[in-house]
Amino acid sequence: MPDLIIRNLHASIDGAEILRGVDLELSRGEVHAIMGPNGSGKSTLAHVLMGHPSYEVTEGEVEFMGEQVLELDPDERSRLGLFLAFQYPSAVPGVTVANFLRMAVNAHRRTPDGEDNPIRIPEFRKLLQENMEQLKIDRTMTSRYLNDGFSGGEKKRMEMLQMAVLRPQIAILDETDSGLDIDALRIVSDGVNSLVGPEMGALVITHYSRLLKYIKPDHIHVLVGGRVVRSGGPELADELERDGYTPYGVEEAAV
Ligand code: ADP
Ligand code: MG
């Protein structure tokens, strides 16, 4: 059975229906990309999967690791192994990267009845060091304050490091592409390529096919008007690059 199963998912915000029946299946070891024009519901899907309170699910179901996810709080989803890359985007004064990551790891280690089971400091240092080496992140990064004056590329490094230490079963990356210069593109793609494996899968959401030159997805899904209108293999990226979304009835101006 796939690790993540989305069935006929409908979701609204402020009474406006955005997702209109999304079906998708994804397992560890796989990279799926969701592509679509602006406003097609890509970020809505990411938010709904993580349990953002502004969205109302009106129909359908989401199963993750055999559990009905829609009934779970965001932190329970996270502990189950679902990860959203932009979950902590703002600056946190007074909290270093290392401390923040340790809190995140400890939140995951809490027992189901909420009892603390904190990671020992030497063990955490080792975990951090190994992952920083794997992702080629400079040591000085961890003593800086979280996101305080971080460049776009540094924020992406931080996200990848967070993903690395938490080792989710499925990571969702909503790449708006706006802030993705070549440097940031490389960081995200190197991170995904080095972390995805038998124990981890990724759902990479992107507007442009540019990112998919660096991350080779196994499957590509085209989201238009809140529905997956087409699914295919990696070759779909070239087709979308060439023809855009107009074959799916999207006006050129909306792309
Ligand atoms: P994407 O990430 O694909 O660009 P989004 O999921 O961000 O698309 O947005 C999908 C649609 O939801 C857009 O048409 C947007 O205008 C609409 N939308 C977002 N927030 C609200 C809101 N608060 N009320 C009504 N519509 C909204
Ligand atoms: Mg978006």
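The values are calculated or read from the model by the stated rules, or taken from the named source; none is laboratory data. Note that this is a predicted model, so its numbers are computed, not measured. Using ideal geometry, Cβ is built from the backbone for each residue, glycine included, and neighbour counts are taken over all protein chains shown. We work out accessible area using only protein heavy atoms, side chains counted, and drop any ligands, DNA or RNA first. Shrake-Rupley method; radii C 1.70, N 1.55, O 1.52, S 1.80 Å.
Computed values, structure above
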| item | result |
| --- | --- |
| Ala33, sole failed condition from (1) within 15 Å of ligand 1 (Cβ to nearest atom); (2) farther than 15 Å from Met200 by Cα; (3) open to solvent by less than 50 Å² (accessible area, probe 1.4 Å); (4) out of contact with any Phe, Trp or Tyr (no Cβ under 7 Å at 6 or more places or on another chain) | (2) |
| Any hit, the range 89-106, residues being within 16 Å of ligand 1 (Cβ to nearest atom) and closer than 18 Å to Leu173 by Cβ | yes |
| Residue, nearest to ligand 2 (Cβ to nearest atom), within the range 34-54, restricted to residues that are under 19 Å from Leu211 (Cα atoms) and either touching a His at 6+ places or on another chain (Cβ under 6 Å) or among the hydroxyl-bearing types (Ser, Thr, Tyr) (or both) | Ser43 |
| Every residue from the range 213-223 that is over 10 Å from Ile34 (Cα atoms) and either within 15 Å of ligand 1 (Cβ to nearest atom) or open to solvent by 10 Å² or more (accessible area, probe 1.4 Å) (or both) | Lys213, Tyr214, Lys216, Asp218 |
| Residue list for the range 171-188, restricted to those being crowded, with 22+ Cβ neighbours inside 10 Å and either away from ligand 2 (no atom under 16 Å from the Cβ) or among the aromatic types (Phe, Trp, Tyr) (or both) | Ala171, Ile187 |
| Count of the range 154-170 residues which are closer than 18 Å to Ser27 by Cα and open to solvent by 10 Å² or more (accessible area, probe 1.4 Å) | 3 |
| Residue in the range 22-33 that is within 16 Å of ligand 2 (Cβ to nearest atom) and within 18 Å of Ser209 (Cα to Cα) present | yes |
| Any strands (runs of 3 or more DSSP E) falling wholly within the range 1-110 and containing at least 2 residues that are within 30 Å of Glu251 (Cβ to Cβ) and either in contact (Cβ under 8 Å) with a residue 12 or more places away in the chain or touching a strand residue (DSSP E or B) at 6+ places or on another chain (Cβ under 8 Å) (or both) | 4-13, 16-26, 31-35, 55-64 |
| Matching residues, the range 139-191, being at pLDDT below 85, at negative phi and within 16 Å of ligand 1 (Cβ to nearest atom) | Glu175, Thr176, Ser178, Gly179, Leu180 |
| Flag if Val69 is of a type in the set (A, V, I, L, M, F, W, C), open to solvent by less than 50 Å² (accessible area, probe 1.4 Å) and either away from ligand 2 (no atom under 15 Å from the Cβ) or modelled with pLDDT of 95 or more (or both) | yes |
| Number of the exception - Pro2 against (1) open to solvent by less than 50 Å² (accessible area, probe 1.4 Å); (2) more than 17 Å from Gly201 (Cα to Cα); (3) more than 16 Å from ligand 1 (Cβ to nearest atom); (4) not aliphatic (A, V, I, L, M) | (2) |
